[in-house]
Amino acid sequence: MPDLTLQKCVPCESGAPALTEEEIEDYRKDVPRWKVLEIEGVKRLKRRFSFEDFAQALKFTNKIGEIAEEQDHHPLIKLTWGRVTIEWWTHAVDGLHKNDFIMAAKTSQAFENF
């Protein structure tokens, strides 16, 4: 499978199918530190990142915001002192799409290079 960090998000139409369980498990191999959870019947990817202080957490949040704008795919971000929690899912499909795994991989890469 090609490196997800090198891929770009593609627009998806409302009503497009969400990923199957098998597809989710295949993509999870590329983002092993991310959890798949379900909230109100919608699957999401979630990961918490830890930092030395609020300033570093904020800087990382802004970096992810830049990547999200570039890819036109936006996460739920929770910022608190020394921690950033990010969730990816696709509203248009009410669940997970390949775009979410691309963005999770890009988020992990940003953290590793931070």
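The values are calculated or read from the model by the stated rules, or taken from the named source; none is laboratory data. Predicted model only: the values in this text are computed from it and were never measured. Positions of Cβ are backbone-derived with ideal geometry, glycine not excepted, and every protein chain shown enters the neighbour counts.
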Practice task
Might you let me know whether region 70-80 holds any residue that is more than 11 Å from the chain's Cα centre (by Cα), modelled with pLDDT of 95 or more and part of a helix (DSSP H, G or I)?
Solution key: yes
Problem - Odd one out for residue 39 among (1) out of contact with any strand residue (DSSP E or B) (no Cβ under 8 Å at 6 or more places or on another chain); (2) aliphatic (A, V, I, L, M); (3) closer than 26 Å to residue 114 by Cα; (4) at pLDDT 95 or above - result: (3)
Exercise for the section: Considering (1) modelled with pLDDT under 95; (2) not in a helix (DSSP H, G or I), say which one residue 92 fails and leave the rest. Expected result: (2)
Problem - Residues of region 61-79 that turn out to be within 15 Å of residue 104 (Cβ to Cβ), touching a residue at least 12 places away in the same chain (Cβ under 8 Å), out of contact with any Phe, Trp or Tyr (no Cβ under 6 Å at 6 or more places or on another chain) and of a type outside the set (A, V, I, L, M), as a count - result: 3
Completion exercise
The lone condition residue 11 fails out of (1) closer than 14 Å to residue 107 by Cβ; (2) outside any strand (DSSP E or B); (3) out of contact with any helix residue (DSSP H, G or I) (no Cβ under 8 Å at 6 or more places or on another chain) is (1)
Fill in the blank from the handout: Flagged in region 78-100 as more than 20 Å from residue 26 (Cβ to Cβ), among the β-branched types (Val, Ile, Thr) and buried (at least 16 other Cβ atoms within 10 Å of the Cβ), in numbering order, are 84, 86
Practice task
Spot the failing condition for residue 4; the list is (1) in contact with a Ser or Thr (Cβ under 9 Å, 6 or more places away or on another chain); (2) buried (at least 17 other Cβ atoms within 10 Å of the Cβ), and only one is missed.
Solution key: (1)
Handout entry: Residue check, residue 17 modelled with pLDDT under 95, within 16 Å of the chain's Cα centre (by Cα), loosely packed, with under 12 Cβ neighbours inside 10 Å and of a type outside the set (Phe, Trp, Tyr)
Key = no
Problem - Any pair with Cβ under 8 angstrom, 6 or more apart, that starts in region 19-36 at a residue that is closer than 17 Å to residue 99 by Cβ and ends at one that is of a type in the set (Gly, Ala, Ser) and part of a helix (DSSP H, G or I) - result: 30/105; 31/104; 31/105; 31/108; 34/104; 34/108
